[in-house]
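These notes are about the structure you will find just below.
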Amino acid sequence: MLLGLTATPERMGGESILPYFEHRIAAELRLPEALDEKLLCPFQYFGVADPVSVEDDRFWQAGRYNTGALEAAYGGVGDAAS
């Protein structure tokens, strides 16, 4: 059994995420509902542009991300050694 959570069910490219979860939704809670139910507090967020496109086939292989290709593309960002 696989449980998937996402903060972005509507993707900018319009692609559905349902195929990743066998088209099944166990529960859905949208932001306005969560705020109304006092499950979240109001917050502020900032969008950050990412110049790297992971649409390229080299980033996704055998059903998973190719971490080596991602590390090369991002130059070790977040690596404790850098």
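The values are calculated or read from the model by the stated rules, or taken from the named source; none is laboratory data. What you see is a predicted model, and the numbers here were worked out from it, not measured in a lab. For neighbour counting, all protein chains shown are included, and Cβ atoms are generated from backbone atoms with ideal geometry for every residue, glycine included.
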Practice item. Scan region 12-26 and give yes if some residue there is small (G, A, S), within 16 Å of the chain's Cα centre (by Cα), part of a loop (DSSP other than H, G, I, E, B) and at pLDDT 85 or above, otherwise no. Key: yes
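In region 35-78, how many are assigned to a strand (DSSP E or B), of a type outside the set (A, V, I, L, M, F, W, C) and surrounded by 10 or more Cβ atoms within 10 Å (Cβ to Cβ)? Walk me through it before giving the result.
So the first thing to find is which residues in region 35-78 are assigned to a strand (DSSP E or B), and the list is 60-61, 64-65.
With the extra rule that they be of a type outside the set (A, V, I, L, M, F, W, C), the set shrinks to 61, 64-65.
Okay, now just the ones that are also surrounded by 10 or more Cβ atoms within 10 Å (Cβ to Cβ), so 61, 65.
Matching residues across region 35-78 total 2.
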Study note, to complete from the structure: Matching residues in region 1-24 (among the β-branched types (V, I, T) and loosely packed, with under 10 Cβ neighbours inside 10 Å) number 1
